[in-house]
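Notes follow once the structure below has been shown.
The values are calculated or read from the model by the stated rules, or taken from the named source; none is laboratory data. Please read these numbers as outputs of a predicted model, since none were measured by experiment. A quick note on method: Cβ atoms are made from the backbone with ideal geometry, for glycine too, and the neighbour counts reach across all protein chains shown. Heads up: the accessible areas ignore ligands, DNA and RNA and are worked out on the full protein's heavy atoms, side chains in. Shrake-Rupley method; radii C 1.70, N 1.55, O 1.52, S 1.80 Å.
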Amino acid sequence: FYKQRGERKVDDVINELTGRLKITNALTVSDKDVFIASGVLKGYGYAIWRTSLDFEGAEQIVTGLSGCCGQMDIRCCEDGIFVAENSRKRVIQYDREGKKLASWGEGDRNGGSGAKFGGCCNPMNLCFGPSGEVLTAESEGYIK
C-alpha cells in the first residue's frame, strides 16, 4: 500500500484526516442559526454544527450520525432540526441545542408503508409540508 503511494508527508496525512471536515453535506437555516452537517474527524459518521447567521461561534451539537453514499440531509423549523439518517433507516428530531426529541422509522426490504424504508440509503431527503408534516424521499422514488 505505501509503496504504491510513495513517500507520505505529514501534510498528506493531515489532509486525509481532515478532508471530510471540509465537505458540507447539508445546510439549513433558521431565523437564529445556521446548521451544517459534515463528516467527523474519527470514523465515517457525521456531525451537526450550529453557528450564528454570521457563521460565528460554531459549536458541534450532534455527533455519531450514520449515513451512506455521502448523503446526510437536515432541515430545521420551529420544532427543531430533523435528520434523514439513511444508514439507520430513520428520521431523528433534535432541538437547537442537539437534544434528541424523537425518532421514527425502520428498515423493511419491501419498503412498506408509513415509516418503513426499503432499499439502500433511505430516507435520502426530507422536507416539510404546508401543515408541518415531515415528508421523506427515498432513492427508489417513494415519497412518505
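For the range 31-86, give the magnitude of the charge dipole about the Cα centre (Cβ charges: +1 Lys/Arg, -1 Asp/Glu; no others), in debye to the nearest 20. Each step should come with its number before you reach the end.
Numbers: 4 positive and 9 negative charges, 62 e Å.
So the magnitude is around 300 debye.
Computed over protein heavy atoms with a 1.4 Å probe, the accessible surface of the range 51-116 works out to 55 Å² per residue.
Comparing SER131, SER87, SER52 in a Gaussian network model of the chain, where Cα atoms under 10 Å apart are tied by springs, the biggest mean-square fluctuation is seen for SER131.
Taking the Cα centre of the chain as origin, work out the dipole magnitude from +1 charges on Lys and Arg Cβ and -1 charges on Asp and Glu Cβ, in debye rounded to 20. Mind showing how you got there, number by number?
Numbers: 19 positive and 20 negative charges, 133 e Å.
Once rounded to the nearest 20, the dipole reads 640 debye.
Within the shell defined by Cβ-Cβ distances under 15 Å, the residues around GLU140 carry a net charge of +2, with Lys and Arg each +1 and Asp and Glu each -1.
The length gained by stretching the chain between ILE143 and LYS22 to full extension, at 0.36 nm per residue less their Cα-Cα distance, is 40.5 nm.
Only protein atoms count toward the accessible area here, which uses a 1.4 Å probe; on the range 30-93, the carbon and sulfur part of that area reaches 48 percent.
Quick one: work out the % antiparallel among DSSP beta bridges in the chain, nearest 5. Don't skip to the answer; put the middle values down first.
Numbers: 35 of 37 bridges.
Around 95 percent antiparallel, to the nearest 5.
How much length is gained on full extension from ASP79 to GLU7, taking 0.36 nm per residue of separation minus their Cα-Cα distance? Working shown, then result.
Numbers: separation 72, 0.36 × 72 = 25.92 nm, distance 5.09 nm.
Answer, rounded to one decimal: 20.8 nm.
Listed values for the range 93-110 are Karplus-derived 3J(HN,Hα) couplings in whole Hz (6.51 cos²θ - 1.76 cosθ + 1.60, θ = phi - 60°), namely 10, 10, 7, 5, 8, x, 7, 5, 9, 6, 8, 7, x, 7, x, 8, 3, 8, and x replaces Gly and Pro.
Of the chymotrypsin sites (Phe, Trp or Tyr not before Pro) found in the range 34-91, those in coil by DSSP whose Cβ has at most 10 other Cβ atoms within 10 Å are PHE55. Between ASN15, ASN86, ASN125, the residue with the greatest mean-square fluctuation in the GNM of the chain (Cα pairs under 10 Å linked by springs) is ASN15.
Taken over the range 47-94, the percentage of Cα pairs per 5 Å bin, counting from 0 up to the bin with the maximum distance, is 5, 19, 28, 25, 15, 7, 1. With the simple model of a label 7 Å out from the Cα in the direction of the Cβ, CYS68 to GLU56 spans 4.3 nm. In order along the range 136-144, phi translates into HN-Hα couplings of 10, 10, 9, 5, 8, x, 6, 10, 10 Hz, rounded to whole numbers, per the Karplus curve 6.51 cos²θ - 1.76 cosθ + 1.60 with θ = phi - 60° and x for Gly and Pro.
Couplings 3J(HN,Hα) of the range 31-39, computed from phi: 6, 10, 9, 10, 10, 10, 9, 8, x Hz, in residue order, whole Hz [Karplus 6.51 cos²θ - 1.76 cosθ + 1.60, θ = phi - 60°; x for Gly and Pro].
Considering every Cα-Cα pair within the chain, what fraction, in whole percent, is farther apart than 19 Å? The partial results should precede the final answer.
On the way: 5646 of 10296 pairs.
So the portion of pairs separated by more than 19 Å is 55 percent.
Using the Cα centre of the chain as origin and beta-carbon charges of +1 (Lys, Arg) and -1 (Asp, Glu), tell me which of GLY67, SER103, VAL29 is placed farthest towards the positive end of the dipole. Result: GLY67.
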